[in-house]
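Notes follow the structure.
The values are calculated or read from the model by the stated rules, or taken from the named source; none is laboratory data. These numbers were taken from a predicted model, which means no experiment stands behind them. All Cβ positions, glycine included, derive from the backbone under ideal geometry; neighbour counts span all protein chains shown. Accessible surface is based on the protein model in full, side chains and every heavy atom, while ligands, DNA and RNA are left aside. Shrake-Rupley method; radii C 1.70, N 1.55, O 1.52, S 1.80 Å.
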Amino acid sequence: MTDLQITLFGAGGVFIVGVFSYNKWQEYKAKKSVERAFSTDHDDVLMREGDSPVADIQEPVLRQEPSFDAAPAAKAEPSFGAPPAAPVPEAHLHAEPSLGDAPAEPVPAPAAEPVQEVSAASEQATSLVDPLIDCLLPLSLEAPVRGDKILPVLQTLRLVGNKPVHFIGLHVNGDWEPITHGGVYTKMQGGVQLASRSTALNELEYSELVTRLRGVADEIGAEPEVPDMMEVMAEARNLHRFVAGHDAQLGVNLHTNGAPWAISTLLFALEKQGFDVRPDGRFVMPDGDGSYLFSLSTNVTLAEETTPRLTLLLDVPCVAPARDGFGAMVACAKALVGRLDATIVDDYNQALSDAALAEIAGQVQEFYQEMDAADIPAGSTRALRLFS
């Protein structure tokens, strides 16, 4: 073997040893990097020394959305239009223990659980993000966030189409509430309304929502949980069918027994009867709480000077049964009959007798019962959102 061959063999051996050593060093660096990444020695902002640790916060149990289609055998939930099998409490649900076979000895009754009061903030949060009429959009936060930091971002996503979008947060005190300045939140929940009086949430609107929601989530350091589009669309269509089927407006008409009324004369008579004139020219009967029971139309344009006919109109799903909107409207019509020398008639100018009005009142009560059975009571926040 020549000197050249011996030299080449020696150089090759040195090269192999060098490569092996370099690979072992790289493996050691990677191992240390992984150990550092998954070590538990990070500084926890919620558990710093000197601060009180934040207690485990349990998310309030939100009632699941009832199935609008036929309920599966394992989860019988009420559907719209059918009364629930038993009243379901709004706040917390808990499963009753299975008793199995009757015991030989009487089982002492468990101690009564203290009633947990629902705060006003929690009630307001549920009215904004409602599991019955909204598509829920949970957002997991990387770390607790302050309301004043995320509100400007959330304000950019308030509507998709004509469907409102709302956000609530789980405050560090354990309450779900509308996100406010100064609040600190550990979780968030978004919600988009599934239907309105005019339309159901559609695929285009939902796609827009998902795209914009991901952008918002990236800005505030959150991860959204996006429901399946097909399921959401089915729920939206079913809810809209319920809304369309209960979009009831009842009217009674007053027709003059003589010459048409002068609008100037009507204004005085209607103000005496208690009507308010809205900026858009509508006459409304106040309910005493900032809203109104029913409205009145003169059936002519503002340019007209006279009218032979007035129409009183009740938006049935938007007035609570306790206010007896239909009874109040009929009483008002009868009072105007004497004041204006008029007759109460239907849309075909046929006089409405007391018996006919009583029959309509009975139908209104049946309507209210249907809405109650669907857990959308007339005049409730839920109904006002759907029938706006």
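Scanning the stretch 345-355 for residues that are touching a residue at least 60 places away in the same chain (Cβ under 8 Å) and open to solvent by 20 Å² or more (accessible area, probe 1.4 Å) yields 346, 347, 349, 352. On the given criteria, is residue 217 in a helix (DSSP H, G or I), open to solvent by less than 70 Å² (accessible area, probe 1.4 Å), small (Gly, Ala, Ser) and modelled with pLDDT of 95 or more? Yes: the conditions hold for residue 217. Considering only residues in the stretch 242-267 that are under 33 Å from the mean Cα position of the chain (by Cα) and either without any contact (Cβ under 8 Å) to a residue 12 or more places away in the chain or open to solvent by 40 Å² or more (accessible area, probe 1.4 Å) (or both), the one that is nearest to residue 333 (Cα to Cα) turns out to be 250.
The residues of the stretch 269-294 that are touching a Lys or Arg at 6+ places or on another chain (Cβ under 7 Å) and surrounded by 20 or more Cβ atoms within 10 Å (Cβ to Cβ) amount to a single one, 293. Would you mind stating whether residue 368 is at pLDDT 95 or above and aromatic (Phe, Trp, Tyr)? So residue 368 fits the description; yes.
Free of Cβ contacts under 8 Å to residues at least 40 places away in the same chain, within 26 Å of the chain's Cα centre (by Cα) and crowded, with 18+ Cβ neighbours inside 10 Å: does that describe residue 379? Judged against the criteria, residue 379 is not a match. Say we look at the stretch 168-188 and pick out the residues that are surrounded by fewer than 23 Cβ atoms within 10 Å (Cβ to Cβ) and under 14 Å from the mean Cα position of the chain (by Cα); which of these is nearest to residue 157 (Cα to Cα)? If we take residues in the stretch 168-188 being surrounded by fewer than 23 Cβ atoms within 10 Å (Cβ to Cβ) and under 14 Å from the mean Cα position of the chain (by Cα), then 178 is nearest to residue 157 (Cα to Cα). For the structure I just gave you, tell me whether residue 207 is within 30 Å of residue 302 (Cα to Cα), outside any loop (DSSP other than H, G, I, E, B) and either open to solvent by less than 10 Å² (accessible area, probe 1.4 Å) or polar (S, T, N, Q) (or both). It is false that residue 207 is within 30 Å of residue 302 (Cα to Cα), outside any loop (DSSP other than H, G, I, E, B) and either open to solvent by less than 10 Å² (accessible area, probe 1.4 Å) or polar (S, T, N, Q) (or both). What do you reckon, is residue 257 within 30 Å of residue 135 (Cβ to Cβ), at pLDDT 95 or above and among the polar types (S, T, N, Q)? The answer is no for residue 257. Of (1) aliphatic (A, V, I, L, M); (2) under 23 Å from residue 228 (Cβ atoms); (3) open to solvent by 20 Å² or more (accessible area, probe 1.4 Å), residue 137 satisfies all except one. Which? Exception for residue 137: condition (3). Looking only at the stretch 306-328, residues that are touching a helix residue (DSSP H, G or I) at 6+ places or on another chain (Cβ under 8 Å), of a type in the set (Gly, Ala, Ser) and surrounded by fewer than 17 Cβ atoms within 10 Å (Cβ to Cβ) come to 1 in all. Taken together, 169, 182, 161 contain a single residue that is modelled with pLDDT under 95 and closer than 23 Å to residue 121 by Cβ, which is 182. Please indicate, with yes or no, whether at least one residue in the stretch 256-266 is farther than 17 Å from residue 318 by Cα and of a type in the set (Phe, Trp, Tyr). Among the residues of the stretch 256-266, at least one is farther than 17 Å from residue 318 by Cα and of a type in the set (Phe, Trp, Tyr), which makes the answer yes.
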